[in-house]
Every structure is written in structure tokens, then in C-alpha cells.
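I have placed the structure first, in the form of C-alpha cells, so that the comments after it can refer back to it.
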Amino acid sequence: MRLRHSKLTHNQTNRLIEHFVAGTPAQTASALIGVNKDTAATFYHRLRSVIAEKLAEE
């Protein structure tokens, strides 16, 4: 899955998704992956928004 308007690489995106699913906090995931903590937090927020939209459609 790629989010639009994201400057993250495909690998960074996949790793953030893996950490999101595992329940890793955004700050910890950012340190492990090597992205800014605000970037990881924003990515997590966008993931939650996408999930909420898909659940609302059902």
C-alpha cells in the first residue's frame, strides 16, 4: 500500500505498516526505520484515517 503524496520510500512505507500492525509506537518505529518522528506519527494517523473510511463503507 502506498499513500499518495508521500516522500517515503516503498521500503519505509512497508516497514512503518509492519510496525503499525505490531503495535509499535510511532516514535519507536521512527527510530528503528530512520525517519522523523513526526513523519511516522503522521503516517500512522493517515493509516488510521484510511482504516476508518474503509470500515465506514462496509
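The values are calculated or read from the model by the stated rules, or taken from the named source; none is laboratory data. Just so it is clear, the model here is predicted, and its values are computed rather than measured. All Cβ positions, even for glycine, are placed from backbone atoms using ideal geometry, and neighbour counts span all protein chains on display. Please note that ligands, DNA and RNA were not included when accessible areas were found on the heavy atoms of the full protein model with its side chains. Shrake-Rupley method; radii C 1.70, N 1.55, O 1.52, S 1.80 Å.
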* **Extension gain, Thr9 back to Leu47 (0.36 nm per residue minus Cα-Cα distance, nm)** => 12.1 nm
* Asked: Quick one: accessible area per residue over the chain, 1.4 Å probe, rounded to a whole number of Å²?
  -> 73
* Carbon and sulfur together cover what percent of the accessible area of the chain at a 1.4 Å probe radius? -> 53
* Helix-derived [θ] at 222 nm for the chain: sum -39500 (n - 2.57) over DSSP H runs of at least 4, divide by residue count, nearest 500? -> -23500 deg cm²/dmol
* Structure fact -> Once normalised by the length of the chain, the mean sequence separation of its alpha carbon contacts under 8 Å that are 6 or more apart gives a contact order in percent of 23
* Asked: Which option, (i) 20, 12, 10; (ii) 39, 11, 6; (iii) 55, 4, 4, is the value of semi-axes √(5λ) of the Cα gyration tensor in Å that was calculated from these coordinates?
  -> (i)
* **Packing-based order for 40-50, 4-14, using average beta carbon neighbours within 10 Å, highest first** => 40-50, 4-14
* **Crossing angle, helix 10-22 versus the chain [Cα axis fit, 0-90 degrees, rounded to tens]** => 70
